[in-house]
């Protein structure tokens, strides 16, 4: 399970509902479909985008994080 620390660089309302949390830097490989990603501090989210330099998470509720806050990402690699 890859884990890394990153920082919240943006929190914005999602036009489809909920919130988008942008994290930088990103250490996940963008062409892998991770079956599960967990965030500490924990909040319910799904992955919106995995880019080379950032990670977008989609949350339906206001996430318990603030701009500049460090968070830890734990990603489960897919079984092949």
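The values are calculated or read from the model by the stated rules, or taken from the named source; none is laboratory data. All values derive from a computational prediction rather than experimental measurement. Backbone-built Cβ (ideal geometry, glycine too); neighbour counts: all protein chains shown.
Among the conditions (1) in a loop (DSSP other than H, G, I, E, B); (2) at pLDDT 95 or above, residue 21 misses just one, which is (1). Residues in the stretch 43-66 that are farther than 12 Å from residue 19 by Cα, touching a residue at least 12 places away in the same chain (Cβ under 8 Å) and surrounded by fewer than 14 Cβ atoms within 10 Å (Cβ to Cβ): 4 in all.
Scanning the stretch 24-39 for residues that are assigned to a strand (DSSP E or B) and within 10 Å of the chain's Cα centre (by Cα) returns 24, 37, 38, 39.
Take residue 40 and decide whether it is closer than 11 Å to residue 72 by Cα and surrounded by 11 or more Cβ atoms within 10 Å (Cβ to Cβ). Answer is yes for this residue. Listed conditions (1) exposed (fewer than 14 other Cβ atoms within 10 Å of the Cβ); (2) under 22 Å from residue 79 (Cα atoms); (3) free of Cβ contacts under 8 Å to residues at least 24 places away in the same chain are all met by residue 27, apart from (3).
Within the stretch 45-79, being closer than 14 Å to residue 7 by Cβ and not in a strand (DSSP E or B) holds for 53, 54, 63, 65, 66, 67, 68, 69.
Which residues, counting only those in the stretch 1-18, are free of Cβ contacts under 8 Å to residues at least 40 places away in the same chain and either assigned to a strand (DSSP E or B) or surrounded by 13 or more Cβ atoms within 10 Å (Cβ to Cβ) (or both)? Break it down into steps so the answer makes sense when it comes.
Filtering the stretch 1-18 down to residues free of Cβ contacts under 8 Å to residues at least 40 places away in the same chain leaves 12-13, 15-16.
Answer for the stretch 1-18, where residues must be free of Cβ contacts under 8 Å to residues at least 40 places away in the same chain and either assigned to a strand (DSSP E or B) or surrounded by 13 or more Cβ atoms within 10 Å (Cβ to Cβ) (or both): 12, 13.
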